[in-house]
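Just so you know, all these numbers are worked out from the coordinates, no wet-lab data involved. If you're wondering where the values come from, they're calculated on a predicted model, not measured in any experiment. Cβ coordinates were reconstructed from backbone atoms using ideal geometry, including for glycine residues, and neighbour counts include every protein chain displayed.
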Amino acid sequence: MTTPTVTERGRLTALRAAWLFDGTGSALIADPLVVIDGGTIVAVDSGAATPGGADVIDLGGAALLPSICPSSRPNCCGPRSTRRTGTGSR
């Protein structure tokens, strides 16, 4: 049996924003750069240069936050129509 070897990396995407809250403390990190290779975050830095060949998404004055939906519960942040809001008929 032959083991496949991946020789290509995924598409590089760089996210820029004004602030990053990483959840490890109360401080916001200024001028973050988050680099995503395919679907995997591979680097997080402050004030770093964008890697060559990366697609850049500039989020302006936005703040980046960690996900509040655990991967074990993919529907926790589903469409509003699937959540109970306490209003309207049932």
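For LEU59, nonlocal amide neighbours, meaning residues 5 or more places apart or on other chains whose placed amide H falls under 5 Å from its own, are ARG16, ALA17.
Computed 3J(HN,Hα) for the stretch 31-43, one whole-Hz value per residue from the Karplus formula 6.51 cos²θ - 1.76 cosθ + 1.60 where θ = phi - 60°, is 6, x, 10, 10, 9, 10, 10, x, x, 10, 6, 10, 7, glycine and proline marked x. Short-range pairs are left out: with C-alpha atoms under 8 Å and at least six residues apart, the relative contact order of the stretch 12-66 is 47 percent. In the stretch 12-66, the DSSP beta bridges split such that about 70 percent are antiparallel, to the nearest 5. Here the Karplus relation 6.51 cos²θ - 1.76 cosθ + 1.60, evaluated at θ = phi - 60°, turns the backbone of the stretch 16-30 into coupling constants of 10, 8, 7, 9, 9, 10, 9, x, 8, x, 9, 7, 8, 9, 7 Hz, with x for every Gly and Pro.
Taking neighbour Cβ counts within 10 Å as the exposure measure, how do ARG16, ARG11 sort from fewest upward?
ARG11, ARG16
Report the net charge of residues surrounding VAL34, where surrounding means a beta-carbon distance below 15 angstrom and charges are Lys +1, Arg +1, Asp -1, Glu -1. It works out to a net charge of -4. Expressed per residue, the C-alpha convex hull volume of the stretch 12-66 stands at 73 Å³.
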